[in-house]
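Input: a single structure, listed below in structure tokens.
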Amino acid sequence: MLMKILIALAVIVVVFVVIVALQPSEFKVVRNATISAPAPALFAQVNDFHKWDNWSPWAKIDPEIEKRRRLVGFEKLVRDPKPEQVIEQMLFLPTCNFAGVTTGYQGPGSKTVLPAEATAKLDFRLIPNQDPKEVLDQLRKHLDRNGFEKVEIGDWEGEKPARSDPSSAVGRTVIDCVREMYGEPVLWPFMPATGPMHPVVADLGIPTVLPVGVGRPDNRIHAPNENIHAEDYLNTIRLMCRVWERFGAA
């Protein structure tokens, strides 16, 4: 029995590899829309920044700056951006994050010996059309240009960014389910996190979607005291059951 299971798994892996190998090297999504309005009227809307809230999807996304300020205790964000700029930076711009820096003796007692080495752990959040290997190459060149040729870079893992069309079948299903159960949803064009979705989206051409977030500013995601509201947890279970039922029957 075990041998049959192993053979079946091997066949599945081979089929998957063959399917991936036969896919085109590039994946492109194009959307067109015809707006019944004269060009001057449209230009007036997009040319005046004060009118952007009338049509911009970012205007519906609350960055919750004040809630996060009270939770974390910061006085202001770097460069003190406006709320709409916060959304732009959070969703559409890449990041370079220092997760930690370590050097020198940190145990009990005194120590006068200077440290011989230091380490820093960084992570980059990429946006579409960026490649992890190219970003590492740019980091290497940046360090070399500034006199840090001896700094070694360890590359442990990297994931290409992915983007799917919200009007896909699974996207429409999730939007409709959220609308039916909890009201009009707020659509986020990107997820400000990392997941292994690029092989599915780009290699297989299968759209993906993050169904719904249950994160609040006080959830302290990824912290030692990370938490979730029980009501949010149960509501998400109900929503996912509706999504699977609806999409499975389509």
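All of the numbers you see were taken from the coordinates with simple rules; none came from a lab. This is a predicted model, so every value here is computed, not measured. Positions of Cβ are generated from backbone atoms using ideal geometry, with glycine treated the same way; all protein chains shown enter the neighbour counts.
Data overview
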quantity	calculated
P(r) tail fraction, the range 162-250 - alpha-carbon pairs more than 18 Å apart, %	52 percent
Cα centroid separation - the range 183-250 against the range 67-130, whole Å	25 Å
Charge dipole magnitude, Cβ of K and R +1, D and E -1 - the range 162-250, Cα centre, debye nearest 20	60 debye
Full-extension gain in nm, TRP156 to LEU234, via 0.36 nm per residue minus C-alpha separation	24.5 nm
Neighbour cut-off at most 16 other Cβ (10 Å), DSSP loop, trypsin sites (Lys or Arg not before Pro), the range 169-221	ARG220
GLU157, GLU66 arranged by Cβ crowding within 10 Å, fewest neighbours leading	GLU157, GLU66
Order of ASP176, ASP218 - criterion: other Cβ atoms within 10 Å of each residue's Cβ, fewest first	ASP218, ASP176
Where chymotrypsin sites (Phe, Trp or Tyr not before Pro) fall in DSSP loop in the range 151-246, at most 12 other Cβ within 10 Å	TRP156
